Every structure is written in structure tokens, then in C-alpha cells.
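Taken together, the values in this text are just the output of simple stated rules run on the coordinates, not laboratory data. A quick note: this is a predicted structure, and the numbers were derived from the prediction, not measured. Backbone-built Cβ (ideal geometry, glycine too); neighbour counts: all protein chains shown.
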Amino acid sequence: MMHKLKIFFLLLTTHTISFSQDLSELDRRNGFKDIRLGTLIDSVKGFKLKKEFKEKGEYPAKLFEVEHADYEKVGEVKVHQIELKTYKDLIYEINVITDKDERLMKALESLYGKSEYDMKNKTYFWKTDSLILKFRSEGKHRLQMIYISYVVHRAMREDKDQKVDDIANDF
């Protein structure tokens, strides 16, 4: 009995340690393939400006689409679309649409550990202090992965706060 208890606690500890290491892998990769959150848009191969817009109605941003042979597949799974959002030319969101294939979820969980599930939005996700990766179905035949940088979002808010301070100091 005591031997079984030791094995149980060893497995529990190993699982907890591996889970935390898995999320550190998400931080280490910081994006999709070689597209990294928080880097300049010109570091990405095959980007084209789609439109300029205001994120949340207030932050000047740009939406880019990416077309390059390096991003056409994830393993054997076809990638249909990659879009990037930037603020001051820094990538803060990566949106990837692929064929629906259950192997993608298995691969993500093998890299980052078990996901959490948001029932309201029907979305699986992995979250660290610097980013979140969301994974969900996009219609009957496609899947969507969205990587979002908290670091760039914080910079956006800080820039807005600085502008308010600058106006206040100008009185």
C-alpha cells in the first residue's frame, strides 16, 4: 500500500512539473513557426498589408496577410490563411486557419500540456504571463489558432496613458 502511495505522488509531482515546463515552451516559442509575437512585421516572409484600422476603436493598427511556402502546412495539415495584426509595426496577434484535423490538438497538448476550456466561447486555450494561444473550430472543416501578445497590449495601454498624461501636463 505504501509503495502504491509513493508511486501516486511521484506521478502527480511529475505531471505538475511537466505541465509548468510545457507552458514555458509556449513562452519560448512565442508564436507560430518562425513568426514571433512582439517582433517587427518586416521579420516575416511574404507579408502584405490588407488594411489599417483602430483596434478596439482607439489603437492604430494594421492587418497583414501572409503567403509563403514555409507556412503552407503544419506537418501534413494544410494552412488556409495567416493574418497578423501589428501596433507600431510590432506583431501582437497571429491568426492561423487550418484544415480540421484532430492531430493538431494532440500536437498542441503534447507541446504545451492540457489546455483549459472556455465554455462560453467554445475555445481551448493555453495562457502564460506574456501570451495566450486560443484554439477553436472555425466552421465544419477548419480550425483556428490565435496567438495574442499581452506584452504588446500592455504597451498599447501605456502609450494611451502617456498621451493622457501629456495632455494633462499641457494645461
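What the table shows:
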| item | result |
| --- | --- |
| Difference of contour (0.36 nm per residue) and Cα-Cα distance, Lys106 to Ser24 | 27.7 nm |
| FRET efficiency, Glu138 to Asp159 (Cβ-Cβ, R0 41 Å, nearest 0.05) | 0.85 |
| Computed lengthening from Lys122 to Asp89, 0.36 nm per intervening residue step minus Cα-Cα distance | 8.8 nm |
| Residue pairs, from the table Lys56/Lys160; Lys45/Lys120; Lys48/Lys160; Lys85/Lys160; Lys50/Lys106, whose Cα atoms sit over 24 Å apart | Lys45/Lys120; Lys48/Lys160; Lys50/Lys106 |
| Local net charge near Pro60, Cβ-Cβ under 9 Å (Lys/Arg +1, Asp/Glu -1) | 0 |
| Stretchable slack from Val151 to Lys73, in nm (0.36 nm times residue separation minus alpha-carbon distance) | 25.3 nm |
